[in-house]
Amino acid sequence: MKKSRRLIVGQDWQLYALLSLPMLYFLIFKYIPMYGVTIAFKDFNMFQGIWKSPWVGLDAFREIFLMKDFYKVLRNTMLLNLLDLLVSFPAPIILAVLLNEIRIKWFKKGAQTVLYLPHFISWVIIGGMVYQLLSTNTGLVNILLKSSGMKAIPFLTEPIYWVITYVGAGVWQNAGWGTIIYLAALAGINKELYEAAAVDGAGRLRKIWNITLPGIKPTIMILLIINIGHMASIGFERPFVLANPLVTDVSEVISTFVYKVGIHSARFTIATAIGLFQAVVGLIFLLSSNYISKKVTDQGIW
């Protein structure tokens, strides 16, 4: 048995050598830095370092769970992520299916390029564009509305409109880029299935429903599970750039809370404890969604 394993490794040593590089990357930059989570259980002092700082047990977590603002930012994070999941997740699927139905190649390539471009624009620039377009008094959209005799819409100053603007900006930036994975999955569907369906008299919608969507179903389920695993975490740039003091009740999320309470105030123990809490909740969501998916659809990450 040992000889056969050695033989297998010897025959494919080039592949194992190539595999060692990404394994080394993950070991050095992903796993070794995890020792930093011990900061969550210590009264961290940057001059003493991680190991010499005194242990405080779960005091940091007790302090976090006694903060009223923590529950508000947790609610906002979950709400914004849920809306992103409901609106932003289906958007690239719909776009990919529509792009797949386009038969004019030059138009298809042009549409793909236009849809991909917003992904390369930073949130700082997108935030500036949003303020230029949607500000209540000086935004282009509201100027046009008022010149047409209509009332200005407080896109950035009323919580409900701000949430809609936040979700819409996210869809605009990410939907096109997200289509790449689905287009790759669509390319793997056997073309003979479409030809057989056409012979049977199936229309375009029937082909999409019975061939296209089932063909990309495994990809959809895997990405859905990964997105559910990120429900408790949220990026920093989008809420930070689009937020303003008038919508703090809905715009303050965990990442901005960590920045203000943890990093900005140099309370690294609190910041690390919140990060660890996010990771644990995310892991629970990931395992639960994967278990349910395996039971219901027989699709899962592992």
*Can you name every residue in the range 223-243 that is open to solvent by less than 50 Å² (accessible area, probe 1.4 Å), over 17 Å from residue 271 (Cβ atoms) and modelled with pLDDT of 90 or more?*
223, 224, 225, 228, 238, 241, 242, 243
*Subset of the range 89-117 [of a type in the set (D, E, K, R) and either under 23 Å from the mean Cα position of the chain (by Cα) or not in a helix (DSSP H, G or I) (or both)]*: 103
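Condition check ((1) within 23 Å of the chain's Cα centre (by Cα); (2) over 22 Å from residue 96 (Cβ atoms)) across all residues:
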position	(1), (2)
217	yes, no
221	yes, no
226	yes, no
254	yes, yes
261	no, yes
270	no, yes
273	yes, yes
285	yes, yes
*Scope the range 51-81; condition among the hydroxyl-bearing types (Ser, Thr, Tyr) and out of contact with any strand residue (DSSP E or B) (no Cβ under 7 Å at 6 or more places or on another chain); matching residues*: 71, 77
*For residue 126, state whether it is aliphatic (A, V, I, L, M) and in contact with a Pro (Cβ under 8 Å, 6 or more places away or on another chain).*
yes
*Quick one: which helices (runs of 4 or more DSSP H) sit completely within the range 174-261 and have at least 3 residues that are within 22 Å of residue 92 (Cα to Cα)?*
204-207, 217-229, 237-242
*Restricting the range 44-69 to residues that are within 16 Å of residue 266 (Cα to Cα) and either modelled with pLDDT under 90 or in contact with a Lys or Arg (Cβ under 6 Å, 6 or more places away or on another chain) (or both), which is most open to solvent (accessible area, probe 1.4 Å)?*
47
*asked:* Return the pair list, or none, for Cβ contacts closer than 7 Å from residues in the range 43-58 that are touching a residue at least 60 places away in the same chain (Cβ under 8 Å) to residues that are surrounded by fewer than 10 Cβ atoms within 10 Å (Cβ to Cβ) and not in a helix (DSSP H, G or I), at least 6 apart or on different chains.
replied: 43/54
*So residue 217 fits all but one of (1) open to solvent by 60 Å² or more (accessible area, probe 1.4 Å); (2) closer than 22 Å to residue 81 by Cβ; (3) touching a residue at least 40 places away in the same chain (Cβ under 8 Å); (4) not aliphatic (A, V, I, L, M); what number is the exception?*
(2)
_Scan of the range 100-122 for residues that are within 14 Å of residue 177 (Cβ to Cβ), touching a residue at least 40 places away in the same chain (Cβ under 8 Å) and open to solvent by less than 30 Å² (accessible area, probe 1.4 Å), ordered by number_ = 118
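The values are calculated or read from the model by the stated rules, or taken from the named source; none is laboratory data. Just so it is clear, the model here is predicted, and its values are computed rather than measured. All Cβ positions, even for glycine, are placed from backbone atoms using ideal geometry, and neighbour counts span all protein chains on display. Note: areas computed on protein heavy atoms with side chains; ligands, DNA, RNA excluded. Shrake-Rupley method; radii C 1.70, N 1.55, O 1.52, S 1.80 Å.
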